[in-house]
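Written out below as structure tokens is the structure these notes cover.
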Amino acid sequence: MTSQYSKLDATQDPKMQQGDLYQEHQRRFYEVCMVFKCKTSKLVKYDETDNGMNDQGRVLSEPEDWAREKMQMWKQRREAILKSLQNCGLHLFCYYSRDRDEVIVKIGASPQKLRDTAARMKYKLQLKKQYLNAYAEYRHDFPGRPERQFKDRRVISHIYKTHTDDDYPDSDAIFKSLDKINLIHHIITSKDKDCAGINIGKLLHDEEVKSYFPLHEANVIAELKTNKLQWFLMPEDFANKIRDYFGDRIAYYFLFMAFYWKWLVPLALVGLALQFIDVMFRTGDNITAIPFCILMSVWSIFLPYFWRRQEAKYAIGWGTLDLVETLEPCRPEHYGDPRINPVTAQVEPYYPWQNRVLHYVKSYALMAVISVLVIGSILTILYFRHNMKDTTPGGYWTFQILLAVFVECTNGLLTRLAHWLTTRENHRTQSEHETHMLAKVMILKFVTSYFILYYTAFYKHHTYVFNEQMECYNDDCFLDLQWQLATFVVFRLTFSNLYEFIEPKVKLWWRSLFLERKSFTTTLHSSLSGHTLLELADMSAAEQQAKKEKYDEFANFDEVLIAHGFSTFFAVTSPWVCAATLFASLVEIAMDMKSLMENRQRPIPRKSRHNEPWSTAFDVYGIISASTNIVLLIFASHEYDEWTFTEKLVLFIYLEHMILLSRLALKIIFPDVPRNVELLQLKQDNMVHRCLENIKVEQNQDFSMFRDHRQHNIEVFEFDIMERDEEEEVEPTLNLGESTQTMLSGFQDESTRWLPRSKK
């Protein structure tokens, strides 16, 4: 690997040219990109071949000694990593960035390397349609052994599906883009045979590598952009395209969003009709609350259950229904004493679970303190609203908006707090880290987002805060709750989407103004228009993608979960919120679609059987929603004022158990994995076994046609002569006397037999 890198894009690579024209659908030679640091600043000179000027005509200055040493160290580390990648059989194409301060490396693999790696790691590929589109591990064709006259020959390369429309597909056509990325990523990171064993996570954490991501495919992105309506409907074919390009986890997210808004449609229509009735009654506390409460409780309980059935249908089509969880690598941030992992036999940090338990106690203790402070802050705002609503401009509504702003800002800070607490717990894998972080985020944001609503519904009426008696709006707590919930929903709908829109532009402004030292005018123009030609001039496609932010799946699901709580917890008081959540879900899909394809790097695809832990989170919210709506109807409304507390409690227990029993009955009638999916899995397993073992299916034959060609009759015995009774099976014993007598009698018999012959 030489130290000079050509400033060429992939389209100028001589390996990728065939004739005079570069075909758009020609085989991609490179799938993954790594970006290394090269210079401490684009204004210093290091390994320059020109007259000390960059491409923009700026004069480059000589670096200081410390900067030269650092750049030399970067170069040595970079050369060592690239040499390791080359030695394991990967193809590399390196070139400088526009400002020559970074080295961009595109990484690919030959078809034979992909096949060898797939066979070694038993990577599953999709079979052809006549083989039920099943997934089977890749195996090389076996020519057979001469000593067996090649009777054990197995040719199975024809069973794998080719993902191209060409009549004469390339040798790597059996691999999707998703498969190539997974295989190349395995070669780079694994310590298996013919793999580099590079810890990419640690390099990114130590900032030795600036970016590591799969390269986008312009033709696929253009096709996905032209089918914008399909992102909302998510038919099966389009969902497969999303999965083949972005991976299982992102495909499951958009499938869930499509599933979610479709389930919201009937609920939104019913909610709008009931809201009109509430306007006629001038309160949500009327007779229509009873059926809508039961409907909402059943809906919130059944939603995650039927989504799991939907997950199973797609998992069988993606070959992940029987996915076995593998041992995940350590997170780069994981620290501890170096020990040998008993599974991998590799040295990795070991952190005792006793120390982690101590961090658990500290984390949840701090969360309890933070929750008390948040509750105290909300009650303080309520106190000032009660006393100052007549003297403050905007009056009551000013404090409503102030509460919404406080909730949203606090939620943002609590997300960072949860991340910090989870990082201190030092979890080994990324899955464990995300699961524990989700638990903290759910608890903290539940208190922040919903405390004021629970307080208004159950405790506000004629209670005291700081020795001041609280009152509901127009002395109707249902109406007060409805307006507060409306403020939260509308503010969140506008604030979250506005923040998601301007966040990349603010980061671009910060990077351009403070890191790249651009002028304020240029920075302002770039920030308002996004990545303009001024920002991305003369940059290759890979360099442009390296400047983008990583995709954050956790943040997207977190927003949907909070909005789901607003739409279901207190739907009895505000039926129209379901329609607002439906609109917010459609907007969220549009924003996430645009962000994923235009403003984010292509994520490393991840295989997954399901959408956990988020499906469990929605399951928990469904139980809370059903309980909240029933309690709100029975204990907080005026529909059951004439009932005694015991009668209300009995009604609550009855309704709660009826809903839970209905789900139990539903689980018996409709299992998590549909029966047709289980049957298809059995058929696919049988098909895969026959294909891989080269077992031919023969039709049933009538062997009676051969009865005239038998050689001899079959003898039938009276009993089983091979079986002896236990009584007959006597252990032999040694008796010298009997043995001697037997021997003498034998000699006598032989002597009498030979004596007459000798006389003759």
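Among residues of the range 577-589 that are in contact (Cβ under 8 Å) with a residue 12 or more places away in the chain, those with a beta-carbon under 7 Å from a residue that is charged (D, E, K, R) at least six positions away or on a different chain give the pairs GLU588/GLU559. Quick check: anything in the range 56-78 at pLDDT 85 or above, exposed (fewer than 15 other Cβ atoms within 10 Å of the Cβ) and hydrophobic (A, V, I, L, M, F, W, C)? Scanning the range 56-78, I find at least one residue that is at pLDDT 85 or above, exposed (fewer than 15 other Cβ atoms within 10 Å of the Cβ) and hydrophobic (A, V, I, L, M, F, W, C), so the answer is yes.
From ASN467, ASN426, ASN474, grab the single residue that is in contact with a helix residue (DSSP H, G or I) (Cβ under 7 Å, 6 or more places away or on another chain) and on the phi > 0 side of the Ramachandran plot. When all the criteria are applied, what remains is ASN426. Once the range 450-464 is narrowed to residues that are under 15 Å from ILE378 (Cβ atoms) and surrounded by fewer than 16 Cβ atoms within 10 Å (Cβ to Cβ), the residue that is farthest from the chain's Cα centre (by Cα) is THR463. Scanning the range 546-579 for residues that are out of contact with any Lys or Arg (no Cβ under 9 Å at 6 or more places or on another chain), modelled with pLDDT of 90 or more and of a type in the set (Gly, Ala, Ser) returns a single hit, ALA579.
Evaluated against (1) of a type outside the set (Asp, Glu); (2) over 30 Å from THR423 (Cβ atoms); (3) assigned to a helix (DSSP H, G or I), ASN355 falls short on exactly one condition, (2). Testing ILE181 on (1) open to solvent by 20 Å² or more (accessible area, probe 1.4 Å); (2) within 21 Å of the chain's Cα centre (by Cα); (3) closer than 16 Å to PRO111 by Cβ; (4) not basic (Lys, Arg), one condition comes back false. Which one is that? For ILE181, the failing item is (1).
Quick one: how many residues across the range 423-469 are over 16 Å from TRP614 (Cβ atoms) and assigned to a helix (DSSP H, G or I)?
Of the residues in the range 423-469, 15 are over 16 Å from TRP614 (Cβ atoms) and assigned to a helix (DSSP H, G or I).
Scanning the range 222-240 for residues that are surrounded by 16 or more Cβ atoms within 10 Å (Cβ to Cβ) and either in a helix (DSSP H, G or I) or of a type in the set (S, T, N, Q) (or both) yields LEU224, GLN230, TRP231, PHE232, PHE238, ALA239. Scanning the range 334-344 for residues that are open to solvent by 70 Å² or more (accessible area, probe 1.4 Å), part of a loop (DSSP other than H, G, I, E, B) and not aliphatic (A, V, I, L, M) returns TYR335, PRO342.
Looking at the range 635-658, is at least one residue touching a Leu at 6+ places or on another chain (Cβ under 9 Å) and of a type in the set (D, E, K, R)? So far as the range 635-658 goes, yes, one or more of its residues are touching a Leu at 6+ places or on another chain (Cβ under 9 Å) and of a type in the set (D, E, K, R).
Out of ILE381, ILE401, one residue alone is modelled with pLDDT of 85 or more, within 18 Å of ILE452 (Cβ to Cβ), open to solvent by less than 50 Å² (accessible area, probe 1.4 Å) and not small (Gly, Ala, Ser). It is ILE381. With the condition kept exactly as written, say whether any residue in the range 536-545 is crowded, with 21+ Cβ neighbours inside 10 Å, assigned to a helix (DSSP H, G or I) and either at pLDDT 90 or above or touching a strand residue (DSSP E or B) at 6+ places or on another chain (Cβ under 6 Å) (or both). Yes, the range 536-545 contains at least one residue that is crowded, with 21+ Cβ neighbours inside 10 Å, assigned to a helix (DSSP H, G or I) and either at pLDDT 90 or above or touching a strand residue (DSSP E or B) at 6+ places or on another chain (Cβ under 6 Å) (or both). Filtered by the rule that a residue be outside any helix (DSSP H, G or I), over 38 Å from the mean Cα position of the chain (by Cα) and surrounded by 13 or more Cβ atoms within 10 Å (Cβ to Cβ), the range 641-686 gives a lone residue, TRP643. Remark: pairs (first residue in the range 146-165, in contact (Cβ under 8 Å) with a residue 40 or more places away in the chain; second residue assigned to a helix (DSSP H, G or I); Cβ separation under 7 Å; 6+ apart in sequence or on different chains) = ILE156/CYS691; ILE156/LEU692; ILE159/TYR131; ILE159/CYS691.
Contact map, the range 279-290: first residue within 16 Å of TRP483 (Cα to Cα) and loosely packed, with under 11 Cβ neighbours inside 10 Å, second residue small (Gly, Ala, Ser) and at pLDDT 80 or above, Cβ cut-off under 9 Å, separation 6 or more or different chains; the map is empty. Filtering the range 287-300 to residues that are within 28 Å of GLU236 (Cβ to Cβ) and modelled with pLDDT under 90 leaves only VAL298. Close contacts from the range 656-674, counting a first residue that is within 21 Å of ALA315 (Cα to Cα) and a second that is basic (Lys, Arg) and not in a loop (DSSP other than H, G, I, E, B), with Cβ to Cβ under 6 Å and a gap of 6+ residues or different chains, come to ASP672/ARG308; PRO674/ARG309. Scanning the range 618-640 for residues that are out of contact with any Phe, Trp or Tyr (no Cβ under 8 Å at 6 or more places or on another chain) and part of a loop (DSSP other than H, G, I, E, B) returns HIS638, GLU639, TYR640.
Within the range 633-643, does at least one residue satisfy the condition of being touching a residue at least 60 places away in the same chain (Cβ under 8 Å) and touching an Asp or Glu at 6+ places or on another chain (Cβ under 6 Å)? Yes, there is a match, as at least one residue in the range 633-643 is touching a residue at least 60 places away in the same chain (Cβ under 8 Å) and touching an Asp or Glu at 6+ places or on another chain (Cβ under 6 Å).
Out of all the residues in the range 302-323, is one or more surrounded by fewer than 20 Cβ atoms within 10 Å (Cβ to Cβ), on the phi < 0 side of the Ramachandran plot and modelled with pLDDT under 85? Checked the range 302-323: at least one residue is surrounded by fewer than 20 Cβ atoms within 10 Å (Cβ to Cβ), on the phi < 0 side of the Ramachandran plot and modelled with pLDDT under 85. Scanning the range 132-157 for residues that are surrounded by fewer than 12 Cβ atoms within 10 Å (Cβ to Cβ) and in contact with a Lys or Arg (Cβ under 8 Å, 6 or more places away or on another chain) gives ASP141, PRO143.
The values are calculated or read from the model by the stated rules, or taken from the named source; none is laboratory data. Quantities reported herein were computed from a predicted structural model and do not represent experimental measurements. Cβ atoms come from the backbone with ideal geometry, glycine included; neighbour counts cover every protein chain shown. The protein model used for the area step is the full one, side chains on, heavy atoms only, and it has no ligands, DNA or RNA in it. Shrake-Rupley method; radii C 1.70, N 1.55, O 1.52, S 1.80 Å.
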